[in-house]
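**Student:** Before I ask anything, here is the structure I am working with.
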Amino acid sequence: MVLPEWLAEPGLNHFLVVSAVLFSLGLLAVISRRNIILVLMGIELILNAANLNFVAFSRYGSLSLDGHMIALFVIIIAAAEAAVALAIALNIYNRFGSVDVELISELKE
Amino acid sequence: MDLFAVVFYLFAILIIGSATLMVFSKNIVHSAFALMFTLGGLAVFYALLYAGFVAVTQLLVYVGGILVLILFGVMLTTQGYFEKVKTRTVNLVPATIFTAIVGVLLISVFVSTDWTLAPLRDGESTMTALGELLMTDFMLPFQVAGVLLLLAMIGAVLMASRTRTPKSPGSSYGSPVSSPDSPDSSSQSPDSSSAGEESHKT
């Protein structure tokens, strides 16, 4: 099986393309799904796409170990964000009885 | 076609396929498990890029922590006995067109840009260097991240433990934690909460 060279050897661009597709899918989840948990999952996808870019540039570009460091901090902040956002989602569910983001339209009873 | 390329394409298909499944699946539990495969495939990508520590952290924090949190969120915010686990999608066609435009723009920028590439280094272990960086150059962000995690943990515990009966449409009752000076509040509150459950289920 003979493949063209740009296909046979994955390089920086291949990882960047995968990350761009992940970013688009995350954006699609954020703007088209109405469940607040699914919106959160879309945000996680977007953060992971950014992380993949950082690590890919740290391997192929001149961004040496700093890229790994930034990826680690992004993971840490994503963990904190997920915990707080799920607590907010639980509170919203307790107050409104639903997690549909279109139904949540009032600030205070 | 060497092993690197085979593993890359295999896991690229896994990542993108399960991310697509996550976005378009109607069942939110299926979405959560598809997200697990995406995150695991990304850990393999990090290992392919010689970022071993990031790969292990991805597995531990994302697959082991955030995904379990999301599953807990799914189960705690689902009404009834998992009958209404299906979720809604709105504006699918304009959203898909918009994100396709964004994705094509991103890919064209990524492919057409002439990145300055450094020569590939052999894969030495990055663990020692990362530890030294954390203790020298990244000391302040490291400590700040620790404080941030502590604050997020305390805030999440305080917010999530504040339970309240779901507001049922049409009836307005106060919080189930009633004031202690009213004499019949202890006998009244279970009734009202169970009535709220009943009207909520219908």
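**Student:** Mind listing just one residue for me: the one in segment A:77-107 that is surrounded by fewer than 19 Cβ atoms within 10 Å (Cβ to Cβ) and of a type in the set (Val, Ile, Thr) and, of those, farthest from the other protein chains (Cβ to nearest Cβ)?
**Tutor:** Among them, the one singled out is A:ILE104.
**Student:** Check whether at least one residue in segment B:101-114 is on the phi < 0 side of the Ramachandran plot, open to solvent by 100 Å² or more (accessible area, probe 1.4 Å) and over 29 Å from the mean Cα position of the chain (by Cα), and report yes or no.
**Tutor:** Yes, that holds for at least one residue.
**Student:** Then there is this: Scan B:ALA145, B:ALA100 and give me the residue that is at pLDDT 90 or above and farther than 30 Å from B:LEU69 by Cβ.
**Tutor:** Sole residue among the options that is at pLDDT 90 or above and farther than 30 Å from B:LEU69 by Cβ: B:ALA100.
For (1) of a type outside the set (Ser, Thr, Tyr); (2) under 13 Å from B:ALA51 (Cβ atoms); (3) surrounded by 23 or more Cβ atoms within 10 Å (Cβ to Cβ); (4) at pLDDT 90 or above, each residue gets a yes or a no:
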{"position": "A:LEU12", "(1), (2), (3), (4)": "yes, no, no, no"}
{"position": "A:VAL18", "(1), (2), (3), (4)": "yes, no, yes, yes"}
{"position": "A:ARG33", "(1), (2), (3), (4)": "yes, no, yes, no"}
{"position": "A:LEU45", "(1), (2), (3), (4)": "yes, no, yes, yes"}
{"position": "A:ASN48", "(1), (2), (3), (4)": "yes, no, yes, yes"}
{"position": "A:ALA56", "(1), (2), (3), (4)": "yes, yes, yes, yes"}
{"position": "A:ALA71", "(1), (2), (3), (4)": "yes, yes, yes, yes"}
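**Student:** Taking the options B:LEU158, B:LEU150, B:LEU120, B:LEU130, name whichever one is open to solvent by less than 40 Å² (accessible area, probe 1.4 Å) and either modelled with pLDDT under 50 or within 11 Å of chain A (Cβ to nearest Cβ) (or both).
**Tutor:** After applying the criteria, what remains is B:LEU130.
**Student:** Check off (1) touching a helix residue (DSSP H, G or I) at 6+ places or on another chain (Cβ under 8 Å); (2) at pLDDT 90 or above; (3) closer than 20 Å to A:ALA71 by Cβ for B:SER31 and give me the number that stays unchecked.
**Tutor:** With (1) touching a helix residue (DSSP H, G or I) at 6+ places or on another chain (Cβ under 8 Å); (2) at pLDDT 90 or above; (3) closer than 20 Å to A:ALA71 by Cβ applied to B:SER31, the lone miss is (3).
The values are calculated or read from the model by the stated rules, or taken from the named source; none is laboratory data. In this text, all values refer to a predicted model and were calculated from it rather than measured experimentally. A quick note on method: Cβ atoms are made from the backbone with ideal geometry, for glycine too, and the neighbour counts reach across all protein chains shown. In case anyone asks, the SASA skips ligands and DNA or RNA and just uses the protein heavy atoms, side chains included. Shrake-Rupley method; radii C 1.70, N 1.55, O 1.52, S 1.80 Å.
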